[in-house]
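To start, the structure under review is shown below, and the notes come after it.
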Amino acid sequence: MAQSATTPAALSSRKAVAGSSLLSDYATLFKLRVSVMVVITAGAGFYLASLTSGISPFHAGLIQALAGIAVVTCGSSALNQALERRTDALMRRTSNRPMAAGRISLAHGLLVGFAAIFFGSLYLAHVTNLLTGTLTLLTAVGYVGIYTPLKRITVVNTFIGAFPGALPPLIGWTAVRGIIEWPAIALFAILFVWQFPHFMAIGWMYREDYASAGIRLTPTQPTGTSPPVQRSSSPSSMPSS
């Protein structure tokens, strides 16, 4: 005889599926692919600053600094999706994100996001220095509090968003040196300039989605001179959404 749906084995299976689904939703909420790229660029700044200081870049401080940066980055992504849950629901590429689809509540997302940013910044200030913790906190504030709301107001958001997007290598540098120096500014400038073609390419690829959601990126409005873009229905974790 088949097991009843209420047997311990069935309940255990359901819990395992629910747990796996929650982990998957957290991976999307934290935009893990984007967070990994942030950690890599911050790590590059840390590595170069360590060489300049004549110390080995592969010491405990590297792991501690990157861990704190990763936590704050994940928190920023969660708050970004909390603010954009309604516009995300209007776009095919983001409609299945956990907050847009209602699988993670607004209160849940806000709590996780604020806690990650607050404690991650404090941790960074403790294990590295106050400047690094402050810069990381300002990066989160710029991304969530300024860039995200501006996306529905003005195309200037791309310029504003390039600032927090370019800060990770500079933050990695200050985690070692404790000061902002010209090499760190050069790293910031390189990433700052790179973001414009990056944003524009994403905006062009998903221009119809962005237009339907009222997001103001320069190339997002369909021109009527090119065929519709074939898009995947799977959610993306690119930083511009």
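Residues that are surrounded by 20 or more Cβ atoms within 10 Å (Cβ to Cβ) and polar (S, T, N, Q) were ranked within segment 91-124; the one that is modelled with the lowest pLDDT is T94. All of V127, V144, V156 fail the test of being crowded, with 21+ Cβ neighbours inside 10 Å and among the aliphatic types (A, V, I, L, M), apart from V144. Please tell me if I69 is of a type in the set (A, V, I, L, M) and either farther than 20 Å from I171 by Cβ or outside any helix (DSSP H, G or I) (or both). Spelling it out, it is not the case that I69 is of a type in the set (A, V, I, L, M) and either farther than 20 Å from I171 by Cβ or outside any helix (DSSP H, G or I) (or both). Could you go through segment 89-96 and let me know if any residue there is touching a Lys or Arg at 6+ places or on another chain (Cβ under 9 Å), over 16 Å from A213 (Cα atoms) and part of a helix (DSSP H, G or I). No, because not a single residue in segment 89-96 is touching a Lys or Arg at 6+ places or on another chain (Cβ under 9 Å), over 16 Å from A213 (Cα atoms) and part of a helix (DSSP H, G or I).
The set of residues from segment 205-227 being part of a loop (DSSP other than H, G, I, E, B), modelled with pLDDT of 60 or more and buried (at least 18 other Cβ atoms within 10 Å of the Cβ) comprises Y206, I215, R216, L217. In segment 149-164, the residues that are over 15 Å from E84 (Cα atoms) reach residues that are at pLDDT below 90 and not hydroxyl-bearing (S, T, Y) with C-beta atoms within less than 6 angstrom, at least six apart or across chains, in these pairs: T154/R216; V155/R216; T158/F199.
Note on segment 203-215: among residues that are out of contact with any helix residue (DSSP H, G or I) (no Cβ under 9 Å at 6 or more places or on another chain) and in contact (Cβ under 8 Å) with a residue 12 or more places away in the chain, the one that is farthest from S95 (Cα to Cα) is W204.
Please pick out the residue among F188, F196 that is in a helix (DSSP H, G or I), out of contact with any Leu (no Cβ under 8 Å at 6 or more places or on another chain) and at pLDDT 85 or above. Testing whether each residue is in a helix (DSSP H, G or I), out of contact with any Leu (no Cβ under 8 Å at 6 or more places or on another chain) and at pLDDT 85 or above leaves just F196. Under the condition of being crowded, with 23+ Cβ neighbours inside 10 Å and polar (S, T, N, Q), the residues counted in segment 58-68 number 0.
Scanning segment 38-65 for residues that are in a helix (DSSP H, G or I), free of Cβ contacts under 8 Å to residues at least 24 places away in the same chain and more than 16 Å from T132 (Cα to Cα) returns I40, L51, A60. T52 passes every criterion in (1) under 13 Å from W173 (Cα atoms); (2) surrounded by 15 or more Cβ atoms within 10 Å (Cβ to Cβ) apart from (2).
Scanning for something under 30 Å from P57 (Cα atoms), outside any helix (DSSP H, G or I) and of a type in the set (V, I, T), does segment 163-174 turn up at least one residue? No, segment 163-174 contains no residue that is under 30 Å from P57 (Cα atoms), outside any helix (DSSP H, G or I) and of a type in the set (V, I, T). Does segment 69-90 include one or more residues that are surrounded by fewer than 16 Cβ atoms within 10 Å (Cβ to Cβ), under 24 Å from P164 (Cα atoms), touching a residue at least 24 places away in the same chain (Cβ under 8 Å) and aliphatic (A, V, I, L, M)? No - not one qualifying residue is present in segment 69-90. When segment 97-124 is filtered for residues that are within 23 Å of S212 (Cα to Cα) and in contact with a Pro (Cβ under 7 Å, 6 or more places away or on another chain), only R97 remains.
The values are calculated or read from the model by the stated rules, or taken from the named source; none is laboratory data. What you see is a predicted model, and the numbers here were worked out from it, not measured in a lab. Virtual Cβ from ideal backbone geometry, glycine too; neighbours counted across all protein chains shown.
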